[in-house]
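The values are calculated or read from the model by the stated rules, or taken from the named source; none is laboratory data. This one's a predicted model, so the numbers in the text were calculated from it and none came from an experiment. Cβ placement follows ideal geometry from the backbone for every residue including glycine, while neighbour counts extend to all protein chains displayed.
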Number of protein chains: 2
Amino acid sequence: MTAASRVVTSVSRTSVADQLHAQLRTAILSGSQAPGSLLPSERELAEQAGVNRQAVREALQRLRQAGLIDIVQGEGVRVGNWRSDATIAVLLDGVFQADGGLDPDIVESLLRMRLVALVDATRRLALSHRDDVVATLRAMVVEMRAEPADAPITPRFEFWGYLVDSCGNVAYRLAFNTQLGIAERLSSEVLAFLSAGAKLIDEYDRLVEAIAVGDVDAAALEADSILGPALRMFEIPSQTDVS
Amino acid sequence: MTAASRVVTSVSRTSVADQLHAQLRTAILSGSQAPGSLLPSERELAEQAGVNRQAVREALQRLRQAGLIDIVQGEGVRVGNWRSDATIAVLLDGVFQADGGLDPDIVESLLRMRLVALVDATRRLALSHRDDVVATLRAMVVEMRAEPADAPITPRFEFWGYLVDSCGNVAYRLAFNTQLGIAERLSSEVLAFLSAGAKLIDEYDRLVEAIAVGDVDAAALEADSILGPALRMFEIPSQTDVS
DNA sequence: GTCCGCAGGTGGTCTGACCAATTGATCGTT
DNA sequence: AACGATCAATTGGTCAGACCACCTGCGGAC
C-alpha cells in the first residue's frame, strides 16, 4: 500500500478444495468427463493434485450436492448426466467458461428466466397492489429521476429485488439471488450491457402506476419493455429457423 | 433376506456429514440461528456432535456453497441472510420442514415458477415449431391416449421434460430438475395432488397441435390450463387482500 | 493516548490409520 | 460345466492429532 511498489500479482488465495472443485466441475460440464464414467478414486485424485484427501472429499461432496456426480461407497465416484440430474445451482458456476469468458447460451437462458419471473412477480404485485409497496416503489422511481444524467448505468437491482421480495415468491427471490451472484463477478462493461432498459425511467414510472391501480396486464407490459432489451440483444444469432 | 425375520427398522445409513448438514440447514432456514450470528467453531461443533472435524467441514462447505453461511479464516463461520444471499439450491432442501411435512409456501412458489417457465418454454417451442419435436410430442400424446382409464396419475414428467429440453433453455431445464428432485421424495398422495391436469389429454393434444402450427398464444393458453390447476389448489388461503 | 507486537483462537491443510460397503476372482460343491 | 459361498482388494466414510495461515484483541512500550 505504501512505499514499495507492486511487483507480483495477487497470489491465488483460493483454497485447494475450491480449485479442485472448479477443475472437476469444468471437466464435467465441458463433457471431457463423460456422463456415466468413473472418476479416479479419492486417493488417486489426491495424489494427482498433490493435495490431501480431505480437500478432495470437500470438493466431491459439493459436486454431489449440485447433482453433478454420484458417490457410492465401495464403488467409486460416477459422473452424472448434468442435463438431467443437476440442479440450477450449477448455473452460478457454469456461466464462466474455462477462459474466463461468459457462455452466451447460459446468459441468454438466465436472462429469459429473469424476464418471465420478474414479469410474473409484477403481475402478482399488481393483483394485490398493496399501498405500502406502491409507496416504496414510487420513492425509488423518484430517486431514479433525481440521478444526474451521466450517472453510471446499473441494473436497478434494488428496485427489482424489492419487487420480487414483495410478491412473496421464495423461488423467484432465490432465482434472483442466483443472478445477483453472477452479476457480482461480471466486469462493469458486461454489466452495463445487461442493464439495457435501466434508463427507461418513464417506463418504470408507468410500471409502478399500473401496479398502483391494479392493472395487471399494463404492469406486465411495462416490465417486459424494461427487461426485454437486454435479452433481445442476445437473441440475434437465433433468427434463422430450422427448415 | 432369508430366515431371520426383520426385527429392526433400517438404521440411519446417512453419513454423519449429511446429518450435520441437515441439522445446520434447518437451524438456519428456520431462523433459530439468526442471520449475522457466529456459529460455534468447527472444533466445537465437532465435539458437540460427537464427530470428527472433517465431517463438520464437509457440512459447512456445502452450506457455504448454497450461500447459507460465510466462512472466513481466522474469524469463524457467520450465518448469512438466506433471503438475500442463498441460491435457489436451498429450495430443494428447504421444502421439507423439520416434521417431514411440506412447506406450502415454498411448494406454491415452486409451482408458480414451474408454470411460468414451462409456459414460456412452450411459447419458444411454438415459435420454432420444429418437425421432429412435434412428431415426438405427438407420439407421447398418443401414448397417453392408449393408457387404461385407471392408470395411476403421474405428473407427465417425460412430456414436460422433453418439452423443456427442446426449447433450448438450460436454466429452465435445471429449474425443472430441481423440481424433479423434490418430487422424488414426495409421497404418492401428494404427488397425485400435484398432478392435477395430467388427465387432460385433449388439452395436451391441442397444445401439441398449436405448437405444430406455430400458434404461440394458443399453445401458451393450453399449457396454462394443464399446469394451472395444481397451482390454484394452493392459492386458496391467499384470497383475502390486505386492506 | 497511540502504536506496536504478541498470544490465543479460528479456519486450512496434512498425515496416517481404521471402519464399512462393493466388487470380482477364487475355490468348493453339485 | 454350472452354480454358489468365500475372501481379498478396492473404494468411500470416519477418526485422531498435528501444524500452518490468518484475524482479533489484549497489553505493554513509546
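Quick notes on this structure:
- Scope the range B:174-220; condition without any contact (Cβ under 8 Å) to a residue 12 or more places away in the chain and surrounded by 18 or more Cβ atoms within 10 Å (Cβ to Cβ); matching residues: B:L174, B:N177
- Residue match in the range B:178-193 (condition: within 11 Å of another protein chain (Cβ to nearest Cβ) and among the β-branched types (V, I, T)): yes
- Some residue of the range A:23-38 being within 11 Å of DNA strand C (Cβ to nearest atom), crowded, with 21+ Cβ neighbours inside 10 Å, modelled with pLDDT of 90 or more and under 26 Å from B:R64 (Cα atoms): no
- When the test is whether a residue is surrounded by fewer than 21 Cβ atoms within 10 Å (Cβ to Cβ) and in contact with an Asp or Glu (Cβ under 6 Å, 6 or more places away or on another chain), A:G76 does not pass it.
- Flag for A:T122 being of a type in the set (V, I, T), at the interface with chain B (Cβ under 10 Å from one of its Cβ atoms), surrounded by 22 or more Cβ atoms within 10 Å (Cβ to Cβ) and touching a helix residue (DSSP H, G or I) at 6+ places or on another chain (Cβ under 6 Å): no
- Residue list for the range A:132-167, filter: among the acidic types (D, E) and exposed (fewer than 11 other Cβ atoms within 10 Å of the Cβ): A:D132, A:D150
Each row is one residue, and each column tells you yes or no for (1) farther than 30 Å from A:L92 by Cβ; (2) at pLDDT below 90; (3) outside any helix (DSSP H, G or I).
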{"residue": "B:T136", "(1), (2), (3)": "yes, no, no"}
{"residue": "B:T178", "(1), (2), (3)": "no, yes, no"}
{"residue": "B:R185", "(1), (2), (3)": "no, yes, yes"}
{"residue": "B:Y204", "(1), (2), (3)": "yes, no, no"}
{"residue": "B:I211", "(1), (2), (3)": "yes, no, no"}
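- Of all the listed residues (B:R130, B:R145, B:R156), the sole one being farther than 30 Å from A:N169 by Cα and more than 13 Å from every other protein chain (Cβ to nearest Cβ) is B:R145.
- Matching residues, the range A:138-169, being under 29 Å from A:S109 (Cβ atoms), among the β-branched types (V, I, T) and modelled with pLDDT of 90 or more: A:V164
- Sub-6 Å Cβ pairs linking a first residue in the range B:67-85 that is on the phi > 0 side of the Ramachandran plot to a second residue that is among the acidic types (D, E), at least 6 apart or interchain, are B:G67/B:D85, ordered by first then second residue.
- So A:E184, is it of a type in the set (D, E) and more than 21 Å from A:D120 (Cβ to Cβ): yes
- Answer from A:A89, A:A66, A:A59 - the residue that is of a type in the set (A, V, I, L, M), away from DNA strand C (no atom under 16 Å from the Cβ) and modelled with pLDDT of 90 or more: A:A66
- Residue count for the range A:40-56, restricted to those that are under 13 Å from A:V16 (Cβ atoms), in contact (Cβ under 8 Å) with a residue 12 or more places away in the chain and more than 10 Å from DNA strand C (Cβ to nearest atom): 1
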